[in-house]
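Participant: Below are the structure tokens for one structure; questions will follow.
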Amino acid sequence: MPLAFAEPTDAAIPLHVVAGDAVDAALARLTAEGRAWAKAQGFSGALGQILTVPDAQGDLAQVLVGFGTPDKRARNRFHMGAVARKLPEGTYEIASGLKGDDLEEAALAWLLAGYSYDRYVKPSDLIAGLAAPEQVDAARIAIIANGEALTRELINTPASDMGPDELEEAARTLAVTHDAGVNVTTGDDLITSNFPMIHTVGRASTRAPRLIDIRWGHTGPQLTLVGKGVCFDTGGLNIKPGSSMGLMKKDMGGAATVLGLAHMIMALELPVRLRVLIPAVENSIDGNAFRPQDILTSRKGLTVEINNTDAEGRLVLADALTLSDEDDPALVISMATLTGAARVAVGPDIAPFYTDDDGHADAVAKAARKVADPVWRMPFHEPYEAMIEPGIADLDNAPKGGFAGSITAALFLRRFVESPYMHFDIYGWQPSSAPSRPRGGVGMGARAILEALPEMLKL
């Protein structure tokens, strides 16, 4: 069911958001009975505190929600999502206490609180609805929420039901929804169409590898999104230990994120020519699996020595990035659950990104702060280029030593792109539940990119 605001109603229950330093003023607006009730309940305006205030008949008349202090709020985000899950059934309206970006974040948080992954269990419905605040662009917020929900749903679905075939089906469904064109190159056709590394990585699976290519829009600058679609990653012949393989259904998180972002762009009808490229594979083990020490020739003609078959994401992305470059886009953005090194560096909540363009970096960082979608710029540090040059081939897919793993992966990808380029090394997973973000798949960076696109592409 799509995430949506509640229908407007005169019977909506007013919800007042009260910062810690505004409690006295908020209580002064209550009746004498209401103030006595608030005092008896110990309402202090602490972050997340909820006070339901009854009328003379004992029915729910209004709600006070604590917004705490700035330092407490800064330690998390989407605070209203937690509130939405705790309120009694009904339709609510935010009557006071929030404005601007805070109000937009609260509205988005409420919608996202309605998402739960319930494909295999009884749905856990959100029973408290929110009437869209008049001061926000409700249609835009709903589009963004549903793009994020698409990303989460794809990541959360296990590989038994989300292989390359199903990922293609999801892409085709999205394309039909927005009247976009789609072309898919599958199996051995990848060889004849010169996508050798996508084929090599995926050929050991019984589920054929493929390259999904979506196009939408006829005017404006071309934006190409490239998403890593490794639907399950065993590690190949360099097989992962069980502890590392447990979350590998999320290794298509880059593909899921660009599809969610593509939904936002198309539904909002941004004036761009959009292209989405997804190399969709399973990295499996069979007699024809690629091996350590193999040397592959990429679509671009660069040769790659395989020093670890578990560093496969950059291989499939390389062929897709080469293709992305061939029609001179204004901007190429890749998104991938690419390296554990990125998680070690910034943890699971921040999306590291790379770009050589300071203007683009500033735009994304500014947008990320505005829409509560944290990112952090990482360097294309050129002195590390030698680390990905093995001598026996042009490139090494897994440099030895263990240093700068996210940076060397980004440098590897940059070798295949001449156009303006930005790369996001995302995690795509919420390890423990937080407001509006249940444990499981999660979008990272997409909302920041969406907010920054007008500045980056001069729309």
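Yes or no, residue by residue, for (1) free of Cβ contacts under 8 Å to residues at least 24 places away in the same chain; (2) of a type in the set (S, T, N, Q); (3) within 26 Å of residue 250 (Cα to Cα); (4) touching a Pro at 6+ places or on another chain (Cβ under 9 Å):
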site	(1), (2), (3), (4)
338	no, no, yes, no
351	no, no, yes, yes
356	no, no, no, yes
360	no, no, no, yes
364	no, no, yes, no
383	yes, no, no, no
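Participant: Could you grab me the full set of residues in the stretch 312-331 that are open to solvent by less than 10 Å² (accessible area, probe 1.4 Å) and in a loop (DSSP other than H, G, I, E, B)?
Facilitator: Across the stretch 312-331, the qualifying residues are 312, 329.
Participant: Follow-up question, since we're still on this one. Output the helices (runs of 4 or more DSSP H) that fall wholly within the stretch 154-204 and possess 3 or more residues being closer than 27 Å to residue 288 by Cβ and of a type in the set (Val, Ile, Thr), or say none. Spell out how you get there, then give the answer.
Facilitator: Numbers: elements: 164-177, 189-192, 196-202.
The qualifying helices (runs of 4 or more DSSP H) are 196-202.
Participant: Looking at 362, 425, 356 in this structure, which one is in contact with a Phe, Trp or Tyr (Cβ under 9 Å, 6 or more places away or on another chain), more than 22 Å from residue 340 (Cα to Cα) and at pLDDT 95 or above? Give the steps one after another, and end with the answer.
Facilitator: Numbers: 362 fails: in contact with a Phe, Trp or Tyr (Cβ under 9 Å, 6 or more places away or on another chain); 425 fails: more than 22 Å from residue 340 (Cα to Cα).
It is 356.
Participant: Only residues that are modelled with pLDDT under 95 and hydroxyl-bearing (Ser, Thr, Tyr): list them for the stretch 10-55, please.
Facilitator: Result: 31, single match.
Participant: Restricting to the stretch 332-360, name every residue that is part of a strand (DSSP E or B) and either out of contact with any Ser or Thr (no Cβ under 8 Å at 6 or more places or on another chain) or surrounded by fewer than 24 Cβ atoms within 10 Å (Cβ to Cβ) (or both). Break it down into steps so the answer makes sense when it comes.
Facilitator: Going residue by residue through the stretch 332-360, those that are part of a strand (DSSP E or B) are 332-336, 351-355.
334, 336, 351, 353, 354, 355, listed by residue number.
Participant: Which count do you get for residues in the stretch 205-216 that are open to solvent by less than 30 Å² (accessible area, probe 1.4 Å) and in a loop (DSSP other than H, G, I, E, B)?
Facilitator: Of all residues in the stretch 205-216, those open to solvent by less than 30 Å² (accessible area, probe 1.4 Å) come to 205, 209-214.
Checking which are in a loop (DSSP other than H, G, I, E, B) leaves us with 205, 209.
Summing the residues that are open to solvent by less than 30 Å² (accessible area, probe 1.4 Å) and in a loop (DSSP other than H, G, I, E, B) in the stretch 205-216 gives 2.
Participant: Applying the selection to the stretch 115-150, what residues are in contact with a strand residue (DSSP E or B) (Cβ under 7 Å, 6 or more places away or on another chain) and either under 21 Å from residue 260 (Cβ atoms) or among the hydroxyl-bearing types (Ser, Thr, Tyr) (or both)? Reasoning before the result, please.
Facilitator: Initially, the stretch 115-150 is screened for residues in contact with a strand residue (DSSP E or B) (Cβ under 7 Å, 6 or more places away or on another chain), giving 117, 128-131, 133.
If the condition is that a residue be in contact with a strand residue (DSSP E or B) (Cβ under 7 Å, 6 or more places away or on another chain) and either under 21 Å from residue 260 (Cβ atoms) or among the hydroxyl-bearing types (Ser, Thr, Tyr) (or both), then 117 is the only one that fits.
Participant: Note down all Cβ pairs under 9 Å where the first residue falls in the stretch 224-245 and is in a helix (DSSP H, G or I), the second is open to solvent by 10 Å² or more (accessible area, probe 1.4 Å) and not hydrophobic (A, V, I, L, M, F, W, C), and they're at least six residues apart or on different chains.
Facilitator: Within 9 Å, the pairs are 244/310; 244/340; 245/234.
Participant: If you don't mind, another one. Given the conditions (1) of a type outside the set (A, V, I, L, M); (2) farther than 25 Å from residue 248 by Cβ; (3) in a helix (DSSP H, G or I), and given that residue 418 satisfies all but one, which numbered condition is not satisfied?
Facilitator: (3)
Participant: Can you name every residue in the stretch 372-394 that is closer than 30 Å to residue 137 by Cβ, of a type in the set (A, V, I, L, M, F, W, C) and open to solvent by less than 30 Å² (accessible area, probe 1.4 Å)? Outline the logic, then answer.
Facilitator: From the stretch 372-394, those closer than 30 Å to residue 137 by Cβ are 372-377; that's our starting set.
Retained after the next criterion (residues that are of a type in the set (A, V, I, L, M, F, W, C)): 372, 375-376.
If the condition is that a residue be closer than 30 Å to residue 137 by Cβ, of a type in the set (A, V, I, L, M, F, W, C) and open to solvent by less than 30 Å² (accessible area, probe 1.4 Å), then 372, 375 are the ones that fit.
Participant: Considering every residue within the stretch 275-284, establish whether at least one is under 15 Å from residue 205 (Cα atoms), touching a residue at least 24 places away in the same chain (Cβ under 8 Å) and assigned to a loop (DSSP other than H, G, I, E, B). Can you show your working first?
Facilitator: Step one: filter the stretch 275-284 for residues under 15 Å from residue 205 (Cα atoms), giving 279-284.
Filter once more, so that each one left must be touching a residue at least 24 places away in the same chain (Cβ under 8 Å): 279-284.
Narrowing the set further to residues that are assigned to a loop (DSSP other than H, G, I, E, B) leaves 284.
Scanning the stretch 275-284, I find at least one residue that is under 15 Å from residue 205 (Cα atoms), touching a residue at least 24 places away in the same chain (Cβ under 8 Å) and assigned to a loop (DSSP other than H, G, I, E, B), so the answer is yes.
Participant: Continuing with this model, one more query. Mind counting the residues in the stretch 396-422 that are surrounded by 21 or more Cβ atoms within 10 Å (Cβ to Cβ), closer than 22 Å to residue 325 by Cα and either touching a strand residue (DSSP E or B) at 6+ places or on another chain (Cβ under 9 Å) or at pLDDT below 95 (or both)?
Facilitator: Here the count works out to 12.
The values are calculated or read from the model by the stated rules, or taken from the named source; none is laboratory data. Please read all numbers here as calculations on a predicted model, not as lab measurements. In this analysis, Cβ positions are derived from the backbone assuming ideal geometry, glycine residues included, and neighbour counts consider all displayed protein chains. Just the protein is used for accessible areas: all its heavy atoms, side chains included, with ligands, DNA and RNA removed. Shrake-Rupley method; radii C 1.70, N 1.55, O 1.52, S 1.80 Å.
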